[in-house]
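K.L.:
Dropping a structure here in structure tokens format, bear with me for questions.
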Amino acid sequence: MRLFEKLALFKDFARQAGALSLPYFRSEEKWKARGLLAAIVGLNLAAVYLLVLYNDWYRLFYDALQDKNAAVFWQQLGRFSYLAFAYIVMAVYKFYLTQLLELRWRTWMTSHYLERWLSGQAFYRLELLRFTGQANSTGSNPDNPDQRIQEDISQFTNYTISLTMGLLNALVTLASFVGILWGLSGGFAFTLGGSSFNIPGFMVWMALLYCLAGSIITHYIGRPQIRLNFEQQRLEADFRHHMVRVREYSESIALDKGETVERRQLELRFADVLSNYLKLLKAQKSLIWFNSFFGQAAVVFPFLVAAPRFFSGAIQLGELMQISSAFGQVQGALSWLVDNYSSLASWRATTDRLTSFEDSMVALAQAPLAVPALEDDELKALGLTVALPNGEVLIHQETLQAGPGDQVLLQGPSGSGKSTLFRALSGIWPFASGQVSRPAQTMFIPQRPYFPDGSLRDAL
């Protein structure tokens, strides 16, 4: 049952990552995006082909050393220079094109989410929904949208490209070298209970068992990192958000002598950041212990298995080195999960956060809409009902009117709905109903003064 649950979770994660990724490759930039992706895939395939040529070079070069054949030795050194130059060129352009695709993708996603966040006053409505807990049906409300757009998008594009290209490279490497290793490893003959047995492709089976055991152990050791990475991003964002809040309310805090309280609040939030980070650090330490042991053992493992055939004279030094190289490539491909588990955990956490933000934006379509304002020469409200997010009605079926030149003063105790009425008249309060009309050129002044960040010319 747990296996099916894990498969369902993996399927759900793949669906989330696909839902976040596909819009860019179907956007107005789709041909540039697809072209860059195709070029990166092509360079990865070419790099694997070069590794196959390197593997053949190992056999010829080390056989020449064993046979003390100087002519073949210098010939293979010349061949190595060509292979190395080609590999360097491909590595440089693979890095450059990968970073270029990541940059273009991040630019598009940032612009896309900024447009949605700042359109239709979604930034304001999201805060209201988060405050009332009505953001989405999953119970995950949109905290710190600035962090989602600035940091999570960058991490998502980076992890998506690097991990998917790494997985593709591992699969192609496995397909390319498993046949080579099968042919080089020969069979393993043994006698058991008076019967003789022979296992063909013994090195392939040993690599498979070695990496399968390593992947299972890695999963159980590194599994807590998924939750801890998610929490770390959230706590870091909360700590940063509270410091921004201190800067925004600096005058009020200074007048109220509130520095001590704010410092205590910041220290509490930073303590949460450190506490979770220490848990994450311990989880990563355990995984690094195992990964280091796993990687070091993989260096000598093929020599231990192939040494009897070498000392018996069945294979030469060049073939032994070729077996070691092929085993390393197969083992590296099969160990993709072991080597990338920490990155996968971070990718999962980032994808969950962006998916939650996406769900919250989609939830706005089902959220209550503000009362649309009709154009008129006067400010009017007919049958206007204004409520709080919790459903408490402040104003019920009221009719209001103010003509040109009228001066109106609203009086009432705090919490009676004066500010909320102005929000409803301005068209930003979604918990209202009725009919509102006003002149086209109407200015509403917020309680807290606002000045755009930028030059005076831009503000004007």
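K.L.:
Quick one: is A370 without any contact (Cβ under 8 Å) to a residue 24 or more places away in the chain and outside any strand (DSSP E or B)? Before you say what the answer is, go through the steps one by one.
P.N.:
Details: without any contact (Cβ under 8 Å) to a residue 24 or more places away in the chain: no; outside any strand (DSSP E or B): yes.
Criteria not met by A370.
K.L.:
Here's another thing I want to ask about it. Which residue out of A314, A326, A345 is under 23 Å from the mean Cα position of the chain (by Cα) and either surrounded by fewer than 18 Cβ atoms within 10 Å (Cβ to Cβ) or in a helix (DSSP H, G or I) (or both)?
P.N.:
The match here is A345.
K.L.:
While we're looking at this one, here's another question. In the stretch 211-227, what count of residues is obtained for those that are open to solvent by 40 Å² or more (accessible area, probe 1.4 Å) and assigned to a helix (DSSP H, G or I)?
P.N.:
10
K.L.:
So, in the stretch 100-124, exactly how many residues are within 30 Å of R423 (Cα to Cα) and among the charged types (D, E, K, R)?
P.N.:
2
K.L.:
Filter the stretch 329-342 for residues that are within 17 Å of the chain's Cα centre (by Cα) and of a type in the set (F, W, Y) and give the result.
P.N.:
Listed by number, the list holds a single entry, Y341.
K.L.:
Identify the residue in the stretch 419-432 that is in a loop (DSSP other than H, G, I, E, B) and touching a residue at least 60 places away in the same chain (Cβ under 8 Å) and, among all such residues, is least open to solvent (accessible area, probe 1.4 Å).
P.N.:
The initial filter retains those residues of the stretch 419-432 that are in a loop (DSSP other than H, G, I, E, B), namely 427-431.
Right, trim to touching a residue at least 60 places away in the same chain (Cβ under 8 Å) and you get 428, 430-431.
Numbers: I428: 43, P430: 13, F431: 31 Å².
By that ranking, first place goes to P430.
K.L.:
Right, another one. Can you tell me which residue within the stretch 34-70, out of those that are free of Cβ contacts under 8 Å to residues at least 40 places away in the same chain and within 30 Å of E319 (Cα to Cα), is nearest to the chain's Cα centre (by Cα)? Walk me through how you get there before you give the answer.
P.N.:
Pass one, the stretch 34-70, residues free of Cβ contacts under 8 Å to residues at least 40 places away in the same chain: 34-35, 38, 42, 53, 57, 67-70.
Still in the running and within 30 Å of E319 (Cα to Cα): 42, 53, 57, 67-70.
Values: G42: 24, L53: 35, W57: 39, D67: 52, K68: 53, N69: 53, A70: 52 Å.
Per the stated criteria, the residue is G42.
K.L.:
Ok, one more. Among residues belonging to the stretch 228-249 that are among the acidic types (D, E) and closer than 17 Å to E267 by Cβ, point out the one that is surrounded by the fewest Cβ atoms within 10 Å (Cβ to Cβ).
P.N.:
Restricting to residues being among the acidic types (D, E) and closer than 17 Å to E267 by Cβ, the top hit is D238.
K.L.:
Would you check which residues across the stretch 301-311 are closer than 30 Å to L163 by Cβ and buried (at least 21 other Cβ atoms within 10 Å of the Cβ) and list them? So that I can check it myself, show each step before the final result.
P.N.:
First, pick out the residues of the stretch 301-311 that are closer than 30 Å to L163 by Cβ: 301-302.
Hit for the stretch 301-311 is P302, nothing else.
K.L.:
So how many residues does the stretch 4-39 have that are surrounded by fewer than 14 Cβ atoms within 10 Å (Cβ to Cβ), under 26 Å from M90 (Cα atoms) and either aliphatic (A, V, I, L, M) or at pLDDT below 90 (or both)?
P.N.:
Final tally of qualifying residues: 1.
K.L.:
Could you list, ordered by first residue, the pairs with Cβ atoms under 7 Å in which the first is in the stretch 392-405 and free of Cβ contacts under 8 Å to residues at least 12 places away in the same chain and the second is open to solvent by less than 80 Å² (accessible area, probe 1.4 Å), at least 6 apart or interchain?
P.N.:
Taking only residues 6 or more apart or on different chains, the pairs are V393/T385; V393/A387; H396/T385.
K.L.:
Spot the failing condition for A175; the list is (1) touching a helix residue (DSSP H, G or I) at 6+ places or on another chain (Cβ under 7 Å); (2) at pLDDT below 90; (3) closer than 30 Å to L97 by Cα, and only one is missed.
P.N.:
So the condition that A175 fails would be (1).
K.L.:
I'd like to check something: does the stretch 383-393 contain any residue that is of a type in the set (D, E) and under 30 Å from L51 (Cα atoms)?
P.N.:
No.
K.L.:
Scan the stretch 385-411 for residues that are open to solvent by 80 Å² or more (accessible area, probe 1.4 Å) and in contact with a Gly (Cβ under 8 Å, 6 or more places away or on another chain) and report the count.
P.N.:
3
K.L.:
Right, next: Would you check which residues across the stretch 9-33 are without any contact (Cβ under 8 Å) to a residue 24 or more places away in the chain, under 20 Å from the mean Cα position of the chain (by Cα) and part of a helix (DSSP H, G or I) and list them?
P.N.:
L9, F10, K11, D12, A14, R15, G18, L22, F25, listed by residue number.
K.L.:
Taking only the stretch 282-300 into account, find how many residues are under 31 Å from the mean Cα position of the chain (by Cα) and open to solvent by less than 90 Å² (accessible area, probe 1.4 Å).
P.N.:
So the count comes out to 10.
K.L.:
Continuing with this model, one more query. Please go through the stretch 433-450 and give me each residue that is under 45 Å from the mean Cα position of the chain (by Cα) and either within 16 Å of A370 (Cα to Cα) or open to solvent by less than 80 Å² (accessible area, probe 1.4 Å) (or both), ordered by number.
P.N.:
Answer for the stretch 433-450, where residues must be under 45 Å from the mean Cα position of the chain (by Cα) and either within 16 Å of A370 (Cα to Cα) or open to solvent by less than 80 Å² (accessible area, probe 1.4 Å) (or both): S433, G434, Q435, V436, A440, T442, F444, P446.
K.L.:
For the stretch 360-384, how many residues are surrounded by 17 or more Cβ atoms within 10 Å (Cβ to Cβ) and at pLDDT 85 or above?
P.N.:
Adding up the residues that qualify gives 4.
K.L.:
On to the next question. Take the conditions surrounded by fewer than 15 Cβ atoms within 10 Å (Cβ to Cβ) and at pLDDT below 80 and apply them to F197. Does it pass? Outline the logic, then answer.
P.N.:
Working: surrounded by fewer than 15 Cβ atoms within 10 Å (Cβ to Cβ): yes; at pLDDT below 80: yes.
Taking the combined requirement at face value, the residue satisfies it.
K.L.:
If we keep just the residues of the stretch 40-55 that are closer than 15 Å to I88 by Cβ and small (G, A, S), which is surrounded by the most Cβ atoms within 10 Å (Cβ to Cβ)?
P.N.:
Only one residue tops the list, namely A47.
K.L.:
Tell me, please, whether a residue that is touching an Asp or Glu at 6+ places or on another chain (Cβ under 9 Å), under 23 Å from G120 (Cα atoms) and either assigned to a strand (DSSP E or B) or among the hydrophobic types (A, V, I, L, M, F, W, C) (or both) can be found in the stretch 401-418.
P.N.:
Of the stretch 401-418, the ones touching an Asp or Glu at 6+ places or on another chain (Cβ under 9 Å) are 401-404, 406.
The next check asks that each one be under 23 Å from G120 (Cα atoms); those that pass are none.
Looking for residues that are touching an Asp or Glu at 6+ places or on another chain (Cβ under 9 Å), under 23 Å from G120 (Cα atoms) and either assigned to a strand (DSSP E or B) or among the hydrophobic types (A, V, I, L, M, F, W, C) (or both), one finds none in the stretch 401-418, hence no.
K.L.:
Next up: How do the pairs read when you match residues in the stretch 275-288 that are in contact (Cβ under 8 Å) with a residue 12 or more places away in the chain with residues anywhere that are of a type in the set (S, T, Y), using Cβ under 8 Å and keeping only pairs 6 or more apart or on different chains?
P.N.:
Within 8 Å, the pairs are Q284/S342; L287/T218; L287/Y341; L287/S342.
The values are calculated or read from the model by the stated rules, or taken from the named source; none is laboratory data. No experiment lies behind these values; they were computed from the predicted model shown. Neighbour counts run over all protein chains shown; Cβ positions are idealised from the backbone, glycine included. Ligands, DNA and RNA are stripped out before the accessible areas are found, and what is left, the full protein with its side chains, is counted by its heavy atoms. Shrake-Rupley method; radii C 1.70, N 1.55, O 1.52, S 1.80 Å.
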